[in-house]
1. Could you figure out which of (1) of a type outside the set (S, T, N, Q); (2) modelled with pLDDT of 85 or more; (3) outside any loop (DSSP other than H, G, I, E, B) isn't true of TYR147?
2. For LEU9, which of the numbered conditions (1) under 28 Å from ALA134 (Cα atoms); (2) surrounded by fewer than 17 Cβ atoms within 10 Å (Cβ to Cβ) fails to hold?
3. Could you go through segment 29-48 and let me know if any residue there is under 24 Å from PHE177 (Cα atoms), at pLDDT 90 or above, out of contact with any Ser or Thr (no Cβ under 6 Å at 6 or more places or on another chain) and assigned to a helix (DSSP H, G or I).
4. Give just the number: which of (1) among the aliphatic types (A, V, I, L, M); (2) farther than 29 Å from THR105 by Cα; (3) surrounded by 12 or more Cβ atoms within 10 Å (Cβ to Cβ) does ALA56 not satisfy?
5. Give VAL95, VAL171, VAL160 a once-over and let me know the one that is surrounded by 13 or more Cβ atoms within 10 Å (Cβ to Cβ) and in contact (Cβ under 8 Å) with a residue 40 or more places away in the chain.
6. Can you pull out the residues in segment 115-144 that are out of contact with any Phe, Trp or Tyr (no Cβ under 8 Å at 6 or more places or on another chain), hydrophobic (A, V, I, L, M, F, W, C) and modelled with pLDDT of 80 or more?
7. Could you count how many residues in segment 49-92 are over 26 Å from LEU4 (Cβ atoms), in contact (Cβ under 8 Å) with a residue 40 or more places away in the chain and outside any loop (DSSP other than H, G, I, E, B)?
Amino acid sequence: MIALAGTALAVVLALPLGFLAASNLTPTWVHQPIKWLLGLIRSIPLIVVAILFVVAVGLGPFPGALAIAFHSVGMLGKFYAEEFETAEPGILNAVRGTGANWAQTLRWGLIPQTVPQVVAFTVFRLEMNFRDAAVLGLVGAGGIGYYIQLYVRGFQYEKVAVLLVVIIAVVTLLDQFTFWVRRWVR
């Protein structure tokens, strides 16, 4: 749930930042600072972000979801911007030539070209966030990592092994889901 909530929040924030960071959609004075911001966000290690959120809002899954979202915004914003920048300029110009405004150009010229890759990036990031969420419990940010830490401290290694098998199974299922979504979107 931490990975799902964090990824959902990240997508909501990263999509507009991705549009603003795309050099073919905005002037330099807009996209350059956004790219720097996304780079700054990406440069902070996830574990540090998680510790800061634990200090700010307390222990539990909420700071874990916030840390996942914060870190994912940097990556997804960059991926989205790069995908938007690879859009076919002829299509964008044709849509603009009909008198479309900026939002209409995004809706009718850019989004149809980029949806498959944007969905693939998002599902891939969800898979990464699931693995990261397991680690966040080690710093008090809730989730399955908390139980792994608890069982390791209690020398209950059979329970740790079961949790590791669960993590492997879910990551494998998410990998298959990613493959299915990519095929479905194309």
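The values are calculated or read from the model by the stated rules, or taken from the named source; none is laboratory data. Just so we're clear, the structure is a prediction, and the values are computed from it rather than from any experiment. Note: ideal-geometry Cβ built from the backbone for every residue, glycine included; neighbour counts use all protein chains shown.
1. Condition not satisfied by TYR147: (2).
2. (2) is the only condition that LEU9 fails.
3. Restricting attention to segment 29-48, the residues satisfying the condition of being under 24 Å from PHE177 (Cα atoms) are none.
Among the residues of segment 29-48, not one is under 24 Å from PHE177 (Cα atoms), at pLDDT 90 or above, out of contact with any Ser or Thr (no Cβ under 6 Å at 6 or more places or on another chain) and assigned to a helix (DSSP H, G or I), which makes the answer no.
4. With respect to (1) among the aliphatic types (A, V, I, L, M); (2) farther than 29 Å from THR105 by Cα; (3) surrounded by 12 or more Cβ atoms within 10 Å (Cβ to Cβ), ALA56 is out only on (3).
5. Details: VAL95 fails: in contact (Cβ under 8 Å) with a residue 40 or more places away in the chain; VAL160 fails: in contact (Cβ under 8 Å) with a residue 40 or more places away in the chain.
One residue alone meets the criteria, VAL171.
6. VAL115, VAL119, ALA120, PHE124, LEU126, MET128, PHE130, ALA133
7. Here is the first cut: in segment 49-92, the residues over 26 Å from LEU4 (Cβ atoms) are 85-92.
If we keep only those that are in contact (Cβ under 8 Å) with a residue 40 or more places away in the chain as well, we get 85, 87, 89, 92.
Right, trim to outside any loop (DSSP other than H, G, I, E, B) and you get 85, 89, 92.
Of the residues in segment 49-92, 3 are over 26 Å from LEU4 (Cβ atoms), in contact (Cβ under 8 Å) with a residue 40 or more places away in the chain and outside any loop (DSSP other than H, G, I, E, B).
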